[in-house]
Amino acid sequence: MSSRRWVGLGDDTPDGVAGGRRPRLGATAWPTYLLLVGLAVVYILPFLIQIATSFKTEPDAAANPLGLPENWTTAAYSRLFEFSDYLLWGTNSLVVTLFVTAGRVFFDSLAGYALARIPFQGRTVVFALLIAVMAVPGVVLLIPKFLVINQLGMYDSYSGMIVPLLADAAGVFIMKNFFESIPVSVEEQARIDGAGVFRTFWSIVLPMSAPAVMTIVILSFQGSWNELNHFIVSTQDPELTTLTKGVAQLASGQLSQGTQYPLKLAAAALMTIPVAVVFFIFQRRIMNASAGAVKE
Amino acid sequence: MTSTRKTGPRTGAGIQAGQQLSGWLFIAPVVLLLGLFLFVPVLMAAWVSVSDWTGRGSPFSSDVGFVGADNYTRILVGGGLDTQDFGTALRNNLYYVLLVVPLQTALALFLAVLVSQRMLRSRGFFRTAFYFPSVTSSVAITVLWLFLFSATGVVNKVLSWVSIDGPNWFADPRGVLHVMLGWLGVSSEPAGLASTDFLGISLWEWLAGPSMAMSAFILMAIFTTSGTFMLLFIAALQSIAPEIHEAAVMDRTNAWQRFWHVTLPMLKPTLFTVLTLGLIGTWQVFDQIYTGTRGGPAKTTLTPAYLSFNAAFNQQDWGEGAAIAFILFAIIVFFTVLQRWVLRDRDKVKRTKTRDPRLQHAAVEAER
Amino acid sequence: MRQLSDMHGARSARRRLSFVAVSGVAALALSACGGGSGFDEEGGGGGGSSDGPITVLIGSSGDPETKAVEEAVAAWAEEEGVEAKVQVASDLNQELAQGFSGGQPPDVFYLSTDNFASYAANGSLEPYAADLATADAFFPTLREAFTYEDEFWCAPKDFSTLALVINNRLWKQAGLTEADVPTTWDELRTVAERLTKGDTVGLVYGPEVQRLGVFLEQNGGGLTNDEGTEATADSPENVEALTFVQEMMQDGVAAYSVDVGAGWGGEAFGKELGAMTIEGNWITGAMQNDFPDIDYQVAPLPAGTEEATIQYTNCWGVAADSDNVDGAVSLVEYLTTPEQQMAFADAFGVMPSVEEVAGQWKEQYPELAPFIDSAEFAKNLPAAEGSADVLADMNAQLLTLKESDPQQILEGVQKNLEPVLSN
């Protein structure tokens, strides 16, 4: 693992190597910074526009898309809450996300530990199958999952929304990799002292795995909060609509004729807030984890 | 700490059996979930795709008959509306893939290189800024994009500053290539191309390029996924030991040569990963189409994934929907294998196609 | 760690097993509390208890319609003592199809002529209409539209026709009078030219065959023959008709609603992006709600070689698998009474499907008389199983009508329509 040398993205690497031929940013710094700032503006500006537009009136948004609102108004927000079930959608998203996250943490760590530290027969086969399963593209499974959910009687219910999302091979890999990095001596010690496999796992190894568990929590939260096609397929009851499904319906002009951009943008902005908050708090971990998880 | 050897079930075969059991118990939930929601569905869909199930009752009931490859032939060679729709969807998605994958990879690499430069201040801020769009949900971004690219939206406003009259992006079905050919004077279909059909669509239509609406989606895809791949490249760049650069610098090469002949070959595994992930992702574009244009305008944002969904859930033609899903699966596998084959490692020494001994030396250093 | 002895070892084994058992049970419990009925192996629910709650799924044209239906259903529910609720679909076709496939269809739902044939064919519908007391009171053409294999399946809830809606203010501003209301295509063209000024286009309509089809019919063409058994899409009359429309659009006197930045013809009309539009009676509700300041009049569509328009109708579908078919049918009976039909007409402008009530409607809304008078020469778009997809494809082609070749478009439609009608 030579990448260990450069642990921690975001740290300026120390300039400790002898032989001062290291290229300095000196003369070329300004163009680079300019370019970076320009690109950053392109990446951030849409979101700023989104927020600004959500406080505009409709005619203002159509006539003056780029500027600040003429009159700041929360009309879009109040109309959003008045005429749609936004709070219900938020509650549903929250419920699903909580259960999926808890479930994934539990099941993925169990499976990851088994693959990492329990030498049982068939381990390699299961491992290979996990990799194979990860190769199946998600959208191809849209219709098939609907069929299965129906057969199992889980259609149009919370369990139909939650249980299929618990299947997560990437999370198993993350946990497995982390467990493998825990020194075997810790577990050997526990084993010698007579602890069973589960006890070792639950009381000793898992508490040490806080970073990996946090990673799973963050990835699961993000994944299930932003999930759309699974919810389209697994529910039809308006009471079970989540934020993604609800805002998608809004986007197709549900509330009335005409384009109501401030309202739609307000809806989109609000639903992004939780994910954005989690992102900003756990930036480093997310960005490290994404690189690691996706690489698998 | 005393280490007392315990007897009984903790020794020898006992440990084995205990571990066997616990191993399977631990892995059981995940295996069960994946089996039930990934493996079994594929089998069920395979059955539905060769049956005439109309959507009512169970697909395994005795009323449902086996129709062999009827659904598949109807889609691939039938020539009717189903074939035309599939051809259109394939064409649209093909342009999407051909534009998004290279552009997002290049942009991600470019951003990674910019952000990974040593001595760069506020690297964290830039990384965050570029990665943030990837965190948002596709629904939220699509809604935002619908606004930005509307007829009186931000993009057209900016274009008007350089006196370009922007199209009504999401309502404009004109193909980009057709528009460009129009500038060159080719405004209607040449006779030869009009009469030949592939998958129900004339060759002239195949050359239409992505429509304006699809182009807006392409830009959206690049916007949202370049951040994720940028992170992969950053990780890879950081794992390249600085001695390699040292060696190349000491051989007095310039930055571009260094990048092209030293850094890039070392990034090959990551490049592979990014391209593969890009291919798999772009062939499955669905959420954005569902939220945004639902296949319009004039079916130019129709994709196989959305077509499969539409056939099953809107038209109640479940056999066709399942068949399209499997065909899509085959397409994804094909492209992934193709990509891996095209970019495979040939003879290592030949990798640096340069005669410059300095760079060859640096490259050889990099191999170690 | 001294305390971990054999005793604890055994205990931890038990604990481990119990843990897994508990999670297994939890998973089962979660799926049990799902409540989905899975697939319904047997055919119809056929009656069942008449107390079961009723779900009504509608595809609403806006708030007035939603409110009207909710009020009506609530009134019935109170009278009968049965629970009933109305759901507004954001995508009626999808939610209906998904409901049927998921084994949980709504009990009562809007069913358009597009989908009627396929649902009747696969046994999803309950053929209750023939047994209704009012079965013979419906307009014959409407009854025809919902007859499949010689059985009258579901009760038409209302119908609409297309007519020409004119903005009075812009009309007068262009110096036009009552005498100038167009009755022929040439007059239509002339008037549209006079009305095209600034940002306003003379004539605006939706980019679909559901609007442009009137021109095909008025020229003596139409997508099918009168019996609906043969595809006639590529007839020279149709080509002539589409060419006429194309020329108007190329000359800028007519435009699609999307091209002027509106979602549909009514919106373009309301925002005065178009001075005239081709729309159905539903436009009255939208005008009242969204654009109350527009003063408009309704005229029959101008004739080509003959007078023609297109009519639209939906029926109240009842699911064969419903738990409470009797209740559902009783609700439909209530909703098709003359009083209720007039109530709907008042709320969102549709025309009643019961013949005798239509006279009452005409009396109450004399300014909307052209809509109901047009019913005389109203035609239907093809509704055989599979034709909806052909029409959707035609709409996709029509979007670029300004730049493309009408002959080619119609040939494509002919090619797709023939297999559909030959079944």
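The values are calculated or read from the model by the stated rules, or taken from the named source; none is laboratory data. These numbers come from a predicted model, not from an experiment. Cβ atoms come from the backbone with ideal geometry, glycine included; neighbour counts cover every protein chain shown. Accessible surface areas use protein heavy atoms only, side chains included; no ligands, DNA or RNA. Shrake-Rupley method; radii C 1.70, N 1.55, O 1.52, S 1.80 Å.
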Going through segment A:131-157 one residue at a time, which ones are touching a residue at least 24 places away in the same chain (Cβ under 8 Å) and more than 7 Å from every other protein chain (Cβ to nearest Cβ)? A:Ile131, A:Met134, A:Phe146, A:Ile149
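A quick yes/no check of all residues on (1) more than 9 Å from every other protein chain (Cβ to nearest Cβ); (2) in contact with a His (Cβ under 8 Å, 6 or more places away or on another chain); (3) open to solvent by less than 10 Å² (accessible area, probe 1.4 Å); (4) at pLDDT 90 or above:
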site	(1), (2), (3), (4)
A:Val217	yes, no, no, yes
A:Gly223	yes, no, no, yes
A:Asn229	no, no, no, yes
A:Ala267	no, no, yes, yes
A:Ile281	yes, no, no, no
A:Met287	no, no, yes, no
A:Gly292	no, no, no, no
Where C:Cys154 falls short, out of the listed (1) closer than 21 Å to C:Gln94 by Cα; (2) surrounded by fewer than 23 Cβ atoms within 10 Å (Cβ to Cβ): (2)
Among the helices (runs of 4 or more DSSP H) contained in segment B:136-189, which hold 3 or more residues that are closer than 22 Å to B:Lys299 by Cβ? B:138-148, B:176-183
Against the conditions (1) at pLDDT below 90; (2) open to solvent by less than 40 Å² (accessible area, probe 1.4 Å), where does C:Trp282 fall short? Just the number, please. (2)
Hey, does segment B:222-238 have a residue that's within 7 Å of chain A (Cβ to nearest Cβ) and of a type in the set (Gly, Ala, Ser)? yes
Applying the selection to segment B:157-172, what residues are touching a helix residue (DSSP H, G or I) at 6+ places or on another chain (Cβ under 9 Å) and surrounded by fewer than 20 Cβ atoms within 10 Å (Cβ to Cβ)? B:Ile164, B:Asp165, B:Gly166, B:Asn168
Those residues of segment A:163-192 which are crowded, with 22+ Cβ neighbours inside 10 Å and either within 14 Å of chain C (Cβ to nearest Cβ) or not in a helix (DSSP H, G or I) (or both) amount to A:Val163, A:Pro164, A:Leu165, A:Leu166, A:Ala167, A:Asp168
So if I check each of B:Thr83, B:Thr54, which one is of a type in the set (S, T, N, Q) and assigned to a helix (DSSP H, G or I)? B:Thr83
Residues that are within 11 Å of another protein chain (Cβ to nearest Cβ) and in contact (Cβ under 8 Å) with a residue 40 or more places away in the chain, drawn from segment A:193-215: A:Val197, A:Phe201
Can you name every residue in segment B:240-259 that is free of Cβ contacts under 8 Å to residues at least 24 places away in the same chain and open to solvent by 40 Å² or more (accessible area, probe 1.4 Å)? B:His245, B:Met250, B:Asn254, B:Ala255, B:Trp256
Flag if B:Val262 is open to solvent by less than 50 Å² (accessible area, probe 1.4 Å) and at the interface with chain A (Cβ under 10 Å from one of its Cβ atoms): no
Among the residues that make up segment C:317-334, is at least one of them in contact (Cβ under 8 Å) with a residue 24 or more places away in the chain, buried (at least 20 other Cβ atoms within 10 Å of the Cβ), in a helix (DSSP H, G or I) and not assigned by TED's automatic domain parsing to the domain that holds C:Phe138? no
Qualifying positions in segment C:253-266 - more than 9 Å from C:Val204 (Cβ to Cβ) and either open to solvent by less than 10 Å² (accessible area, probe 1.4 Å) or assigned to a loop (DSSP other than H, G, I, E, B) (or both): C:Val253, C:Gly261, C:Gly263, C:Trp264, C:Gly266
List the number of the failed condition for B:Ser62; all other conditions in (1) within 26 Å of A:Ala167 (Cα to Cα); (2) at pLDDT below 85 hold. (1)
For segment A:116-135, state whether one or more residues are of a type in the set (A, V, I, L, M, F, W, C), buried (at least 24 other Cβ atoms within 10 Å of the Cβ) and part of a helix (DSSP H, G or I). no
